[in-house]
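One structure is given here, and the rest of the page talks about it.
The values are calculated or read from the model by the stated rules, or taken from the named source; none is laboratory data. Quick caveat, the model's predicted, so the values are computed rather than measured. All Cβ positions, glycine included, derive from the backbone under ideal geometry; neighbour counts span all protein chains shown. Side chains included, ligands, DNA and RNA excluded: accessible areas come from the protein's heavy atoms. Shrake-Rupley method; radii C 1.70, N 1.55, O 1.52, S 1.80 Å.
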Amino acid sequence: MPPPYFEKVYQANADPWHFETSPYEHAKYANTLAALPRPLYGQAFEVGCSLGVLTEQLALRCEHLLAVDVALEPLQRAQARCAHLPQVVFEQMFLPVAFPRQHNLDLVVLSEVGYYWDLADLTRVADGLLARMVAGGQLLLVHWTPLVPDYPLTGDEVHAFFLHLATPQGPWQHLHGERHATYRLDLLEKR
């Protein structure tokens with residue numbers, strides 16, 4: 001989905017997915033953080049940080065966290081929310097057109113973003129992230145699974161794509177998976 005799509009969504013509603021107020025979202029964030037096996041990550045990267053609700057919680061487990069979003073308005077709100085967290089840096093970034101400069105990432109979080117790319121872009125994102133992660137770095141995937149007609153992919157298709165790369169000969173190892181009523185969570189580790 002192109003950047004203007006997200007700008008329009010946030011112009012129409014400051015919290016379009018109720019990240020700040022939804023008990024569903026808060027429970028999902030708790031499950032997301034609980035899936036991370038390490039107490040602390042050195043260099044983390046969160047794609048699609050939106051308003052920074054998850055970012056604020058994730059930052060407590062990171063020495064350095066780069067949080068990005070394609071839309072400027074929510075990114076500014078995320079930055080204000082996390083102003084008390086000096087380890088968090090925010091950038092406006094549109095993957096797969098741009099990627100972080102770091103090549104030492106030990107955690108990447110793709111939460112509720114993968115289905116906005118088509119398969120070709122998802123492949124580029126996977127390749128770009130893999131090139132920037134250290135061996136043993138972890139990729140956490142969390143996605144809504146019901147069909148959304150506007151989105152190029154479903155959450156299940158995003159997870160199936162990455163799990164296909166987690167074969168014995170593939171670049172990833174599958175460490176953990178959970179299926180909830182409306183979302184899926186998978187943790188992979190770079191070989």
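Note on the chain: the alpha carbon radius of gyration divided by the globular reference 2.2 N^0.38 Å gives 0.94. The value obtained for the stretch 4-58, namely the Cα convex hull volume divided by the number of residues, is 88 Å³ per residue.
Any idea what diffusion coefficient the stretch 2-115 gets from Stokes-Einstein, in µm²/s, Kirkwood Rh on alpha carbon pairs, 4 °C, 1.567 mPa s? Kindly include the intermediate steps, with their values, before the conclusion.
On the way: Rh = 14.3 Å.
Using the Kirkwood radius from Cα pairs, D works out to 90 µm²/s.
For the chain, the solvent-accessible area works out to 44 Å² per residue, with a probe of 1.4 Å and every protein chain left in place. Taking chymotrypsin sites (Phe, Trp or Tyr not before Pro) in DSSP loop conformation with at most 16 other Cβ atoms inside 10 Å as exposed sites, the chain has its longest uninterrupted site-free stretch at 95-191.
Stokes-Einstein diffusion for the stretch 55-115, with the hydrodynamic radius set to the Kirkwood value over Cα pairs and evaluated at 20 °C in a medium of 1.002 mPa s, equals 174 µm²/s. Size estimate for the stretch 106-191 follows the Kirkwood approach: the inverse of mean 1/r over distinct Cα pairs works out to 12.8 Å.
Each Cα pair under 8 Å and six or more residues apart adds its separation to the average, and for the stretch 65-139 the resulting relative contact order is 33 percent.
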